[in-house]
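The values are calculated or read from the model by the stated rules, or taken from the named source; none is laboratory data. No experiment lies behind these values; they were computed from the predicted model shown. Please note: Cβ atoms are built from the backbone with ideal geometry, for glycine as well, and neighbour counts cover all protein chains shown.
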Amino acid sequence: MKQRNPKAQGLAYKRLPRRALILGGLQTAFIGGLAARMRFMQVDQADEYRLLAEENRINIRLIPPTRGRIYDRNGQIIGQNTQSYRIVMVREDAGDVDKVIAKLSELIPLTQEEIDRAKTEMRRSAPFLPVTLADQVTWEDISKVAVNAPALPGVTPEVGMARQYPRYEDFAHVVGYVGPVSDYDLSLIEDPEPVLRIPRFQIGKVGLESKQEITLRGKAGAKRVEVNATGRIMRELDRQEGEAGADLQLSVDADLQQYAQARLAGESAAAVVIDCETGDIRAISSAPSFDPNLFVRGISVADYRALTENNYRPLANKTVQGTYPPGSTFKMITALAALEAGVVSPGNTVYCPGHLKVGSRRFHCWKRGGHGTVDLNLSLKRSCDVYYYDVAVRTGIDKISEMARKFGLGIKHDIPMSAVAAGLAPNQEWKERVHGEGWLVGDTANASIGQGFMLASPLQLAVMTARIATGRAVKPRLVRSVNGIEEPSGAGEPLDVNPYNLNQVRKAMFSVSNDRAGTAYRSRIINDEFRMAGKTGTSQVRNITKAERAAGVIRNEDLPWERRDHALFVSYAPYDNPKYAVAVVVEHGGGGSKAAAPVARDIMLQALYNGTPPLEAYPVADRDRIKEQQKRLEGDRRPKARPDEKDRA
């Protein structure tokens, strides 16, 4: 055995204490640092960590606010919150989810769509959170679930609040509807409120519900709850109630609105009634309509397809979204522009042989043989096109366009409804900017009778008529008050138009409805107290070919529905003390005197009498027909039991 060198062994012994000291020093420093850190955390930062622990134990949960209600001008409810029964399941309590759902399906009807949606939500949610299996169920279904509770572990009935529209189709296009907040909704908001992330929370999707969302929504409350490590609520510590949304009162009369919807039934049409004094919209009806409650509950694929595939477009709000060539209802604007420009006076005449050559093109009057010599009154009463071709060419499109905007055309009116259109009152600058082309004299001729580029909505036509009737810049008002505080009136200031010229146009409109030669004479009002002034209109949706004209022009009724002309009528009454202005558009209805004027007259009388008018207000020849019509409409307007509306206790 080899012995170690004593000298080397001595050096090794000397190095050992030095290593031990270094190691011991490092250990001491580590333990000291750890102790200092522990003291810092346990003593110096004790309050902060105690607060963090408390925050993990106590959560703040939002309480959804109660949505504001919507009323008509007389206090009838239009949009409200009602108790809603639903069936929910807690996954961790249910055990075998598929088995429990199968048992539940034997008791209450569950669609495969509802089951799939619930399972998807279960996979995304914590196992202790309730997931809705069936919503808007009946009290009978609730009873069945309660009686069979032992066989349905994890399944419980709940009571919540749901939006309901008791007037069904009558206000669908006005009020709109609510629906669950979607990712798309959140993407449109720069800084979404936390309340929007509450499961099943609903917001306005279209119509007034959407445009007045902030006002109707209110402010969320909050509650402090104690939770365990998994997030389950153990107990509620305190709560602070939120602020309910504001109640809105509309200017619309629910009974008149219901009548207008019933009167338009079977047509693709729109009607607007405006109070000439205040600008209040008394009725604003688009037909056909739909039941907004279907969207609140979650519309089925079949129901939605039926709406989207209907040629009459029930989802479109024709009163503000639909824009149409105004046709001859625009002739008052052309006349006023010419009178104000000094191009013509009321007594000046124009000869109508049935056509007028403008540039290289011949523009025809609707009456092939012409109207002969006509002045302002005769031209409106008989709706002579040639008179307006002539005076428009001499007046110029810019002055006509300016007059149109003064009377509310080509302007987007500020009312809280979806897709409000501005229409179009074109001028030279517009065509150059949009089409890159110069304005032609033929464009002016077309515009003079409300054709060509000219477009207007039924709302705009009603505003135009109210301004003609009053000489004021009447503005439409839909919301009358918010939480009882009245909104500004839409009466408007006097228009900068010569009163004499306005009066001449009014006299001509009176002749349209009350002179035997007037185009709306058959739809006149007999009661002297309520005599009506109006104007018929027919707007083409296609160009009449030379061959068609040579053959006598194909009649509207011989054409497919979608190629027929639109029918229009505007009016106000009483003539000597204007109270209401009415505009009616019947899509592809043909002549305004036949399709639109009778509807407008009936709606006007309903408004003037604040209910069913006496037969004496109608022409004698119409009274038997009107009597039957009133009976039928009264039946149509009675509340009906809805097979799709589930009973509530």
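Pull up segment 241-266, narrow it to residues that are over 20 Å from the mean Cα position of the chain (by Cα) and touching a residue at least 60 places away in the same chain (Cβ under 8 Å), then point me to the one that is farthest from Leu633 (Cα to Cα). Break it down stepwise before answering.
So the first thing to find is which residues in segment 241-266 are over 20 Å from the mean Cα position of the chain (by Cα), and the list is 241-244, 263, 266.
This time we only want the ones that are touching a residue at least 60 places away in the same chain (Cβ under 8 Å), so: 241-244, 263.
Values: Glu241: 46, Gly242: 44, Glu243: 42, Ala244: 38, Arg263: 7 Å.
Checked segment 241-266; the qualifying residue farthest from Leu633 (Cα to Cα) is Glu241.
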For segment 273-288, indicate whether the set of residues that are under 21 Å from Ala419 (Cα atoms), out of contact with any helix residue (DSSP H, G or I) (no Cβ under 9 Å at 6 or more places or on another chain) and not charged (D, E, K, R) is non-empty.
no
Could you please find all residues in segment 390-430 being under 17 Å from Gly490 (Cβ atoms), β-branched (Val, Ile, Thr) and more than 17 Å from the chain's Cα centre (by Cα)?
Ile411
Looking only at residues in segment 448-475 that are in contact with a Ser or Thr (Cβ under 8 Å, 6 or more places away or on another chain), among the small types (Gly, Ala, Ser) and not in a loop (DSSP other than H, G, I, E, B), which one is surrounded by the fewest Cβ atoms within 10 Å (Cβ to Cβ)?
Ser448
Of the conditions (1) at pLDDT below 85; (2) part of a loop (DSSP other than H, G, I, E, B), Leu196 clears all except one; give me its number.
(2)
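Pick from Arg405, Arg467: which is in contact with a Gly (Cβ under 7 Å, 6 or more places away or on another chain) and assigned by TED's automatic domain parsing to the domain that holds Phe510?
Numbers: Arg405 fails: in contact with a Gly (Cβ under 7 Å, 6 or more places away or on another chain).
On inspection, the qualifying residue turns out to be Arg467.
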Residue by residue through segment 177-195, note down the ones that are crowded, with 16+ Cβ neighbours inside 10 Å and out of contact with any strand residue (DSSP E or B) (no Cβ under 7 Å at 6 or more places or on another chain).
none
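Sort out which residues of segment 496-521 are among the aliphatic types (A, V, I, L, M) and either modelled with pLDDT under 95 or over 36 Å from the mean Cα position of the chain (by Cα) (or both), and write them in order of number. Before the answer, list the steps.
Initially, segment 496-521 is screened for residues among the aliphatic types (A, V, I, L, M), giving 497, 502, 505, 508-509, 512, 517, 520.
Within segment 496-521, Ala517 is the sole residue that qualifies.
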Collect the residues in segment 488-497 that are surrounded by 13 or more Cβ atoms within 10 Å (Cβ to Cβ) and either under 14 Å from Phe407 (Cβ atoms) or free of Cβ contacts under 8 Å to residues at least 12 places away in the same chain (or both), keeping them in residue-number order.
Gly492, Leu495, Val497
When segment 63-89 is checked residue by residue, the ones that are surrounded by fewer than 17 Cβ atoms within 10 Å (Cβ to Cβ) and of a type in the set (A, V, I, L, M) are Ile63, Ile77
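At least 2 residues that are modelled with pLDDT under 95 and in contact with a Cys (Cβ under 9 Å, 6 or more places away or on another chain) in each: list the helices (runs of 4 or more DSSP H) lying fully within segment 364-427 that qualify.
Details: elements: 376-381, 385-395, 397-406.
Answer list for segment 364-427: none.
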Hits in segment 549-594 - residues which are closer than 21 Å to Trp366 by Cβ, at pLDDT 95 or above and aliphatic (A, V, I, L, M)
Ala567, Leu568, Val570, Ala583, Val584, Val585, Val586
Pairs with Cβ under 9 Å, 6+ apart, first in segment 170-191 and over 30 Å from Pro458 (Cβ atoms), second of a type in the set (A, V, I, L, M, F, W, C)
Pro180/Phe201; Pro180/Ile203; Val181/Leu196; Val181/Ile198; Val181/Phe201; Val181/Ile203; Leu186/Leu196; Ile189/Leu196
Identify all residues within segment 476-534 that are within 18 Å of Ala621 (Cβ to Cβ) and either assigned to a helix (DSSP H, G or I) or in the same structural domain as Ser210 (by TED's automatic domain parsing) (or both); write none if there are none.
Ser513, Asn514, Tyr521, Arg522, Ser523
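Each row is one residue, and each column tells you yes or no for (1) more than 30 Å from Gln261 (Cα to Cα); (2) out of contact with any Phe, Trp or Tyr (no Cβ under 9 Å at 6 or more places or on another chain).
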position	(1), (2)
Asn293	no, no
Glu309	no, yes
Pro314	no, no
Val320	no, yes
Glu340	yes, yes
Cys352	yes, no
Leu356	yes, no
Arg368	yes, yes
Gly372	yes, no
Breaking point among (1) surrounded by 13 or more Cβ atoms within 10 Å (Cβ to Cβ); (2) touching a residue at least 40 places away in the same chain (Cβ under 8 Å), for Leu110
(2)
Count of residues meeting criterion [among the hydrophobic types (A, V, I, L, M, F, W, C), buried (at least 24 other Cβ atoms within 10 Å of the Cβ) and touching a helix residue (DSSP H, G or I) at 6+ places or on another chain (Cβ under 7 Å)] in segment 313-331:
1
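Among Ala118, Ala149, which is the only one that is in contact (Cβ under 8 Å) with a residue 12 or more places away in the chain and of a type in the set (Gly, Ala, Ser)? Spell out how you get there, then give the answer.
Values: Ala149 fails: in contact (Cβ under 8 Å) with a residue 12 or more places away in the chain.
After applying the criteria, what remains is Ala118.
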Can you tell me which residues in segment 406-432 are touching a Phe, Trp or Tyr at 6+ places or on another chain (Cβ under 7 Å), under 21 Å from Leu336 (Cα atoms) and not hydrophobic (A, V, I, L, M, F, W, C)?
Pro426, Gln428
Which is surrounded by fewer than 24 Cβ atoms within 10 Å (Cβ to Cβ) and farther than 23 Å from Arg522 by Cβ, of Arg382, Arg368, Arg362?
Arg362
Is there a residue in segment 79-87 that is farther than 30 Å from Ala244 by Cα and of a type in the set (D, E, K, R)?
no
Considering segment 137-152 alone, what residues qualify as being among the β-branched types (Val, Ile, Thr) and under 35 Å from the mean Cα position of the chain (by Cα)?
Val137, Thr138, Ile142
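Let's see how each residue does on (1) in the same structural domain as Arg224 (by TED's automatic domain parsing); (2) more than 38 Å from the chain's Cα centre (by Cα); (3) under 26 Å from Gly221 (Cβ atoms):
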| site | (1), (2), (3) |
| --- | --- |
| Pro64 | yes, no, yes |
| Met89 | no, no, no |
| Ala94 | no, yes, no |
| Asp98 | no, yes, no |
| Gln112 | no, no, no |
| Ile115 | no, no, no |
| Glu121 | no, no, yes |
| Asp135 | no, no, yes |
| Pro157 | no, no, yes |
Given the condition closer than 18 Å to Asn293 by Cβ and in a loop (DSSP other than H, G, I, E, B), answer yes or no: does some residue in segment 138-146 qualify?
yes
Check Thr132 against each of (1) modelled with pLDDT of 85 or more; (2) of a type in the set (Ser, Thr, Tyr); (3) surrounded by 13 or more Cβ atoms within 10 Å (Cβ to Cβ) and name the one condition it does not meet.
(1)
